[in-house]
Amino acid sequence: MGGKEGAWGYLAQAVVCVINSLVEKSWTHVQIEPDTANDKVDIAWFYESSNPEVVQVKSSKNNFTHSNILSWLQTLIQDVPDAVEYRLILIGTCSDTTKKIINRINENRATDDDWNGITLLKTYGEKIKIQLENNDQEALESKIMRYLGCFLSDKGKYPTHTILELMSKSLAYQFMRFSTNGEKISREAFENQLLDWVNYNYLLEGELRQSDLKIEYYLFDKIPFSTSMNAYSTSLSKSRFFLRKKEEAFALYEKIKEMVIIRKEREEQEHTNILGRSLRFPYYSYCEFTEKRKKNIIYLSREFLGVELNDEFFYVGNLKQPSVRVTPMFGSAYVETIGDKEEKVKYELLLKYEDKLEEIRSMLEMLSYLDSFYCIPLVLRNFGTKHDRNIRVKVKLPKNLRLLTANNMKQPDLNVIEYFTGFGSCLQKAFTHKKDSKIIPYSYRPYKILDNILYHLKYYNEEELIEEFRSYLKVLFDFEFYEEDGKYVLVFHFNEINPKETLAFPCFLLVQAGQSFEINYEITSQNLPNVANGVLTYQV
């Protein structure tokens, strides 16, 4: 096709995409002009549990012939032989005889003559559908108008007849751009794109130019903007972060294994104090690990690294260290470890190895605990045309859920607590929205530690570590929490939001749930004339 005929062909393809998208309810993704072997597919509809339905659109001012129809069907099947359905959409006219053949094909009553003896078409006959549309732009626009009205009413929008007619005339042209970019998008994204276009370009009856605030789900590269989502949880216990900790421990194991030190006979010797008097207790003791410590290290090595340790792994010769420090009257006493260099190096590596295994155990316990919660990634969107401020969002959750808050989150062991404290920590990276061109990060209230705090937490004592962790949780879980009418109520505050802007919530909500549930929300703000209400569904 070329010139006006080619332009109408693209327009017809876009119109068919819009009509079928609004009517068909079960598809999950749509792709216009997908990349196939022979480029015979104009539209591909994808479904949850089956192969795609492929469509070819043909438009003509002349009658469609029987032979042309069979030829197009044959090339379409050859292009995608595993489709669940092959649909040929003809925008134009055909003879009465050809119409009867089309009817028989659609009703699965086609004869050998209808298939013209083509074995491939007979084999795929039950998967073939032919849709005939008038080559009349006004008729197609009328059809769009009818289905667009039904779609908008389902979304709570009721445009006047005049506005609906105007939408229908311009919608097909709007989708000409969409029809040529070849992207595969989800149903949710398709409908949101359509609603965004409606909201941005048309003022529906009874609506004012004002902020239009809604809460939706969103997660970069995983969940498009939507009002429903399937349950999602992290896999931190299988993350690269945790794997790196195991790799560090394994590297220590390899170094220690290569150091072969023979266990020597123990020597008994008497030690004297600075006055030359004999001490009643040994001043030095051997550095060899106790049986209890060795048993623990052997177990952790087998559990986390899959290696078996023998007694030789722990041998450090006759290395000794002070068992009691005696402080002289003036100055401080310094008594070094007694042994050769290799014994000292191996002993230090064993101590590091033991600490690393204990760190892995504590880390896995905390990560597995966090993995047991479902994530609810919320964002605040302004679909309106006006800036808004002083926004208060009230989120209501069923009380039969287990909700994680700053007050009830499990405390990590002290040897790993720094990994879960502060901005840049494992906790913050896993359960907050990443920087993204589609959303604006949450503005946290001031916190004395502005970045990863690993560099100085090692100097804190136990009470300070715990206080710092709890203080950070209150910043991260930045919402008020109470119970009301058998529900958990969470209250969030946002300073301002611009038109067409999307703001991230401070962190993902974390819940444990045994069944699907709904989330109700209420929004009040400076420029909303009434309380904005909405419902989100979460499928478990």
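Between Asn63 and Ala37, the contour length at 0.36 nm per residue exceeds the Cα-Cα span by 6.5 nm. Can you tell me the FRET efficiency between Tyr147 and Val531 if r is taken as the Cβ-Cβ distance and R0 is 30 Å, rounded to the nearest 0.05? Efficiency for this residue pair is about 0.40.
If you plug the beta carbon distance of Ile466 and Arg244 into 1/(1 + (r/R0)^6) with R0 = 25 Å, you get a FRET efficiency near 0.45.
Can I get the semi-axes of segment 18-166's equivalent ellipsoid? Compute them from the C-alpha gyration tensor as square roots of 5 times the eigenvalues, in angstrom, largest first. Intermediate values should be presented prior to the final figure.
Working: eigenvalues 173, 78, 35 Å².
Gyration-tensor ellipsoid for segment 18-166: 29, 20, 13 Å.
Between Ile163 and Lys410, the distance separating the two model label sites (each 7 Å from Cα on the Cα→Cβ line) works out to 5.2 nm. Computed with a 1.4 Å probe over protein heavy atoms only, the accessible surface of segment 380-431 comes to 37 Å² per residue.
What FRET efficiency comes out for the pair Glu483/Lys100, r = Cβ-Cβ distance, R0 = 51 Å, nearest 0.05? If you can, show how the numbers build up before the last one.
Values: r = 68 Å, r/R0 = 1.33.
E(calc), rounded to 0.05, equals 0.15.
Report, in listed order, any pair from Lys257/Lys320; Lys245/Lys396; Lys399/Lys500 with a Cα-Cα distance greater than 28 Å. Before the final figure, lay out each step's value.
Values: Lys257/Lys320 21 Å; Lys245/Lys396 39 Å; Lys399/Lys500 33 Å.
Exceeds cut-off: Lys245/Lys396; Lys399/Lys500.
Placing dummy labels 7 Å off each Cα toward the beta-carbon, the span from Ala139 to Thr75 is 2.5 nm.
Across segment 368-521, the fraction of Cα-Cα pairs farther apart than 25 Å, rounded to a whole number, is 35%.
Per residue, segment 115-157 exposes an accessible area of 54 Å² to a 1.4 Å probe, with every protein chain left in place.
Compute the label zone of Phe517 within segment 213-241: residues whose backbone N is under 14 Å from the point 7 Å along Cα-to-Cβ. Answer for segment 213-241: 231-232.
The values are calculated or read from the model by the stated rules, or taken from the named source; none is laboratory data. What you see is a predicted model, and the numbers here were worked out from it, not measured in a lab. Cβ coordinates were reconstructed from backbone atoms using ideal geometry, including for glycine residues, and neighbour counts include every protein chain displayed. The area values use the complete protein model at the heavy-atom level, side chains included, leaving out ligands, DNA and RNA. Shrake-Rupley method; radii C 1.70, N 1.55, O 1.52, S 1.80 Å.
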